[in-house]
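Engineer: Mind looking over this structure? Questions follow.
The values are calculated or read from the model by the stated rules, or taken from the named source; none is laboratory data. As the structure is a computational prediction, the values presented were derived from the model and not from experiment. Note that each Cβ is placed from the backbone with ideal geometry, even for glycine, and that neighbours are counted across all protein chains shown.
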């Protein structure tokens, strides 16, 4: 199934940039970065459990925000992209 | 139906900050901002056509990116939030 993961990590506090990099790297190991803070992961239920668990360990729940959208297996007609399709370099500092 | 709209607007170029503000304000007139660049809009098909048209007029398609995820009417079990639920002030400069 397709799972869209979006996140906001507060980078102004202690460890924020590190958490942001860790979240991005973890998501990239399961899917494709489609925007700065949006990943699309084509994963099964067990992988989602693991990814969710790992992300919860990384974030600071009082400062950061994670959202999961489960689009199921028939997702192609549900997703539309408009505009540029730049790719993102995970080694960038990712400071917004 | 729930439509999740995510966007990246390139703010380093000419007019980028203005486009970013305009995209956010347009999305907010249809839905709820749940993260910096993520809106959830509970709208019908006609509203989606209008919103999509308006957003395409605002963005610079060679620099900015828009994605639409249609989650249908039975979306509540498909969406999960973890972490903080800060609200966002649309009058902020929104410079990342």
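Engineer: So, in the stretch A:33-48, exactly how many residues are under 9 Å from the mean Cα position of the chain (by Cα) and over 19 Å from residue B:40 (Cα atoms)?
Structural biologist: Of the residues in the stretch A:33-48, 2 are under 9 Å from the mean Cα position of the chain (by Cα) and over 19 Å from residue B:40 (Cα atoms).
Engineer: Restricting to the stretch A:24-79, count the residues that are more than 7 Å from chain B (Cβ to nearest Cβ), in contact (Cβ under 8 Å) with a residue 60 or more places away in the chain and touching a strand residue (DSSP E or B) at 6+ places or on another chain (Cβ under 8 Å).
Structural biologist: Matching residues across the stretch A:24-79 total 5.
Engineer: Any chance you could count how many residues in the stretch B:59-78 are over 19 Å from residue A:76 (Cβ atoms) and crowded, with 20+ Cβ neighbours inside 10 Å?
Structural biologist: Residues flagged as over 19 Å from residue A:76 (Cβ atoms) and crowded, with 20+ Cβ neighbours inside 10 Å within the stretch B:59-78 amount to 2.
Engineer: Here are some residues: A:41, A:27. Which one is modelled with pLDDT of 95 or more, crowded, with 19+ Cβ neighbours inside 10 Å and part of a helix (DSSP H, G or I)?
Structural biologist: Only one candidate qualifies: A:27.
Engineer: Okay, next question. Any idea which residue in the stretch B:1-23 is nearest to the chain's Cα centre (by Cα), counting only those that are within 12 Å of chain A (Cβ to nearest Cβ) and assigned to a helix (DSSP H, G or I)?
Structural biologist: Within the stretch B:1-23, the match that is nearest to the chain's Cα centre (by Cα) is B:23.
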